[in-house]
Amino acid sequence: MWEAYQISTTYTVKSGDTCYAISQSRGISLSDFQSWNPGINCNNLQIGQVVCVSQPTSSSSPPSGSCTTYTVKSGDACYAISQANGISLSNFQSWNSGVNCNNLQIGQKVCISQPSGSSPSSNYNGKIFREYIGALYNGVKFTDVPINTAVTFHFILAFAIDYTSSASPTNGLFNIYWQNSVLTPAAVQAIKSQYSNVNVMVSLGGDTISVQPVQFRATSVNSWVSNAVSSLTSLISQYHLDGIDIDYEHFDSVSTDTFVSCIGQLIQQLKSSGVISVASIAPFDGVQTQYKALWDQYNNVIDLVNFQFYSYPSSTSASQFVSYYNRAAATYGGGAKVLASFSTGGVGPAPSTALSAIQQLKSNGKLPGIFIFSADGSYAA
């Protein structure tokens, strides 16, 4: 029998927040705010902490299926719950498909074991859609992209790079290189407010800057991670982002071990502090050494694999595309996190070929979803 529990509208604490500022922005008194959040320390708010901004009310609706449950408390985050219970974030999210990790409800019951009657194949539902945006500076807006409300929809801002404007590496201090005059913090807030199924990420690295390759460079693991966590926490908070995508494609003289340690620790720290809820990687055949090593060590904090199938020749057939997908799926954990992809920028297999292959994969129950590079290319076309 499911007992009644308390549900409240919640807010996730961001950098610079105070109890008074949160209460004022929500039109509630500070005393009410404190009474709805017993045990909260207003002198030590934590970024990513979940707080009540309405009076809790009773509900008796359980999560679907039979599973071991956990009751969300003030300050919880999906990543922290999953880590405390020894499960991966991706499993937690697949077992709790209706849970919004950006808006956990205090008192909400969530599954921390696989629900009875479900199976790992539930990850292959074909309902993840992601699209990169902002790299070509051609004025494309979030609102130019049609959004299907029946899917999990991720915009990925392209790119943030740890380089200066003069193309000098900065050892983990990230700057914006997407068209942020159009894709502004207000635009991010607006699209997320309009569509509850939309999240916005930022991709790190990319191929080139000022016609030169973007090289991954780190003076040391500790200094790079410290700089990256600090600069990205600020950027993610300013732009109301939900996650990061790793898209470094050139590695200069940096060892694979250094790359793996830097990126793995970055994802772990951003997730554990509640700054992000989603992390993905974007490998292709030419960088498998680095990304397979990263996957092998940190796949428990990697949620999706944006494999760049548009790196294959334009002559690729649908059957070859399926073969390439199956090979990538085998490399990255069996495929439950591997997305199919195509480019609208005139490179790689034709979109029609990719879509034919994608239909085959979906009909065979082998596809979590797809991504496109990019909205800019589609807009230009």
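Results, tabulated for the structure shown:
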{"read-out": "Those aspartates and glutamates that a straight Cα-Cα span of less than 14 Å connects to Lys141, excepting residues fewer than 8 apart in one chain", "value": "Glu131, Asp376"}
{"read-out": "Gain on full stretching of the segment that runs from Ala150 to Ser272 - 0.36 nm per residue minus C-alpha separation", "value": "41.0 nm"}
{"read-out": "Within the chain, longest stretch clear of exposed chymotrypsin sites (Phe, Trp or Tyr not before Pro) (DSSP loop, no more than 13 other Cβ within 10 Å)", "value": "138-381"}
{"read-out": "Among the listed pairs Lys109/Lys362; Lys73/Lys271; Lys109/Lys337, those beyond 28 Å (Cα-Cα)", "value": "Lys109/Lys362"}
{"read-out": "Unpartnered cysteines - no second Cys beta carbon under 4.7 Å - across the chain", "value": "Cys52, Cys262"}
{"read-out": "Euclidean distance between Cα centres, segment 317-359 to segment 254-282, Å", "value": "25"}
{"read-out": "Solvent-accessible ranking of Thr149, Thr184, largest area first, probe 1.4 Å", "value": "Thr149, Thr184"}
{"read-out": "Structure-derived semi-axes √(5λ) of the Cα gyration tensor in Å - corresponding label in (1) 38, 24, 20; (2) 30, 24, 23; (3) 34, 25, 20", "value": "(3)"}
{"read-out": "Solvent-accessible area of Leu136 with every protein chain in place, 1.4 Å probe, in Å² to the nearest 10", "value": "110"}
{"read-out": "Estimated 222 nm signal from helices in the chain, with DSSP H stretches of n ≥ 4 weighted -39500 (n - 2.57), rounded to 500", "value": "-9500 deg cm²/dmol"}
{"read-out": "Carbon/sulfur fraction of accessible area - segment 211-309, other protein chains in place, 1.4 Å, %", "value": "42"}
{"read-out": "Stretchable slack from Ala186 to Asn222, in nm (0.36 nm times residue separation minus alpha-carbon distance)", "value": "9.6 nm"}
{"read-out": "For Val275, solvent-accessible area (1.4 Å; no DNA, RNA or ligand), Å²", "value": "20"}
{"read-out": "In Å², nearest 10: area of Arg26 left accessible to a 1.4 Å probe", "value": "110"}
{"read-out": "The chain, accessible area per residue, ligands and nucleic acids excluded (1.4 Å, Å²)", "value": "42"}
{"read-out": "Heavy-atom accessible area ranking, 1.4 Å probe, most first, across Glu131, Glu249", "value": "Glu249, Glu131"}
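The values are calculated or read from the model by the stated rules, or taken from the named source; none is laboratory data. Keep in mind it's a predicted model, so treat the numbers as computed, not measured. Don't worry about glycine lacking a Cβ; one is built from the backbone with ideal geometry, like all the others, and counts go over all protein chains shown. When the accessible area is computed, the model is the full protein with side chains, heavy atoms only, and any ligands, DNA or RNA have been set aside. Shrake-Rupley method; radii C 1.70, N 1.55, O 1.52, S 1.80 Å.
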